[in-house]
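Below: the structure, in structure tokens.
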Amino acid sequence: MAKHLTIDDYISQLPEDVRERAEALRVTIMSAAKGLVETVRYDMPAFRYGDSTVIYFAFWKKHIGLYPIYRGTDTFEAMLKPYRAKTDTVQFLLSQPIPHGLVVEIVESQMSRLVR
């Protein structure tokens with residue numbers, strides 16, 4: 001059984017010092033594309049468009065993970081390079097501000113695969 005039934009539940013169970021950042025990330029993702037629907041999948045906040053999951057996020061001890069972030073143009077990959085942890089993962093250190101502008105770019109890139 002999943003631990004978190006909603007994104008609100010997920011955020012409420014985070015350490016108090018990161019809850020505001022999680023909420024800000026949630027707002028950034030939702031504002032980056034029309035038609036996103038919030039859900040929880042694999043016990044992580046997820047944002048769907050139609051039948052497809054656009055992006056997940058998870059807060060870890062030292063970083064925030066965004067998944068799956070597919071490869072994009074060379075320009076897109078250059079922007080992600082400092083944050084690319086694996087082929088399909090982006091990580092932002094908790095010790096640094098969330099680059100919300102980049103999050104918008106990521107969501108837009110993810111959406112471009114779905115909406116044509």
Counting only strands (runs of 3 or more DSSP E) entirely within region 46-115, those with at least 1 residues that are basic (Lys, Arg) and either within 16 Å of residue 36 (Cα to Cα) or more than 11 Å from the chain's Cα centre (by Cα) (or both) are 84-86
Determine whether residue 53 is in contact with a His (Cβ under 7 Å, 6 or more places away or on another chain) and within 16 Å of residue 111 (Cβ to Cβ). no
Selection from region 26-38 of residues touching a residue at least 12 places away in the same chain (Cβ under 8 Å) and β-branched (Val, Ile, Thr) yields 28, 29, 37
Looking at (1) more than 16 Å from residue 101 (Cβ to Cβ); (2) part of a helix (DSSP H, G or I); (3) not small (Gly, Ala, Ser), find the lone condition where residue 38 falls short. (2)
Test for residue 52: is it of a type outside the set (Asp, Glu), farther than 26 Å from residue 19 by Cβ and in contact (Cβ under 8 Å) with a residue 40 or more places away in the chain: yes
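No lab work stands behind these numbers, since they all come straight from the coordinates. Since this is a predicted model, take the numbers as computed values, not measurements. Every residue, glycine among them, receives a Cβ derived from its backbone with ideal geometry; neighbour counts consider all protein chains shown.
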